[in-house]
Amino acid sequence: MLDYSNVQGCYNYLKSVGGIAYIDTRGGISMEGSTMDTFYGGVFKKIDGYRLFQETENGLLQYKVVEIPTNADEILLMENKEKIREFLDAGGILLSFTQNYLEWLPGNSLYQASATPIKDRMVVACGHEITDGVREYDMNYRCGVKGFFNRGFFKAPKDASVILQDSDGECVAYIDDITTKGLILSTAGADLIGFGLGESSTAKRLGVNLLLWLEKTMKEREIA
């Protein structure tokens, strides 16, 4: 079991290195005061994706960690894939929770919807610390309803570490530090940060575990 005694120290560290840039392409509601903002201690900084990519210089390069949420505009990402690659080759860390219907993410093989009915399909953990202490039921059900967490898969890049798969053995999430000089954590539409925030279950640990892993990884990679 992970040590949660210094979670606040983890949040403070992540904020000290610039926080996590949350690339927003929907607009509207501010993150300030939201459940996500409160639960994670202000670690995430909501950035207007359209303004960011309109900048002459590559705006991604001012951040060390970037999150692409599940609802991101993949046409925008596709149009700016060179900037994303430049960010990664500069040593950046990218957390991608969108499905990947277009070829914007280096190494990714694109999303495939599972043919297995939701009632029969399960997402299962592969022993990585990000899923430490998270019950399989809590990853698959929210308020007793199944299918919110993930409905598809993709093939992991060669030598990537698979951290989630489905009951058919297909990759749902992987970590790739081979394809670029940076690090990619990519899921086939499974939101590791926000999924568990709506109810009291072990799914809440997904996001906390991820940030604890991120802190450790950044320190190991001497990203500061």
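For the pair the stretch 104-159 and the stretch 1-24, the centres of their Cα atoms are 24 angstrom apart. A 1.4 Å probe, protein heavy atoms only, puts the accessible area of residue 216 near 80 Å². Got a sec? Charge dipole of the stretch 1-85, +1 on Cβ for Lys and Arg, -1 for Asp and Glu; which of 6, 42, 23 is way out at the positive end? Most positive-ward Cα: 6. Taking all protein chains together, 47, 68 sort by accessible area into 47, 68, largest first [probe 1.4 Å].
Basic side chains Lys and Arg get +1 at the Cβ, acidic Asp and Glu get -1 at the Cβ, and with that the dipole of the chain about its Cα centre reaches some 300 debye. Report summary: the helix-based calculation at 222 nm, which adds -39500 (n - 2.57) for every DSSP H run with n ≥ 4 and divides by the residues of the chain, gives -7000 deg cm²/dmol.
Would you mind computing Rg(Cα) / (2.2 N^0.38 Å) for the stretch 59-191, counting N as its residues? Let's see the in-between values first.
Numbers: Rg = 14.7 Å, N = 133, 2.2 N^0.38 = 14.1 Å.
Against the empirical 2.2 N^0.38 Å value, I get 1.04 for the stretch 59-191.
Placing +1 at every Lys and Arg Cβ and -1 at every Asp and Glu Cβ, with all other atoms neutral, what dipole size does the stretch 85-154 have around its Cα centre, in debye to the nearest 20? Kindly include the intermediate steps, with their values, before the conclusion.
Details: 7 positive and 8 negative charges, 87 e Å.
The dipole magnitude comes to about 420 debye.
Here the stretch 207-221 and the stretch 35-54 have alpha carbon centers that stand 18 Å from each other.
Cross-link partners of residue 219 among lysines, defined as those whose alpha carbon lies under 30 angstrom from its own and excluding same-chain residues fewer than eight positions apart: 15, 45, 46, 64, 81, 83, 155, 158, 181, 204.
Put simply, the amide H of residue 98, placed in the peptide plane, has neighbours under 5 Å in 187, 189, leaving out anything fewer than 5 places away on its chain. Placing +1 on the Cβ of every Lys and Arg and -1 on the Cβ of every Asp and Glu, with no other charges, gives the stretch 1-80 a dipole of roughly 240 debye about its Cα centre. In terms of Cα atoms, the Rg and Dmax of the stretch 41-103 work out to 11.3, 33 Å.
The values are calculated or read from the model by the stated rules, or taken from the named source; none is laboratory data. Just so it is clear, the structure is predicted and the values come from calculations on it, not from any experiment. Please note: Cβ atoms are built from the backbone with ideal geometry, for glycine as well, and neighbour counts cover all protein chains shown. Keep in mind that these areas ignore ligands, DNA and RNA; they rest on the heavy atoms of the full protein, side chains included. Shrake-Rupley method; radii C 1.70, N 1.55, O 1.52, S 1.80 Å.
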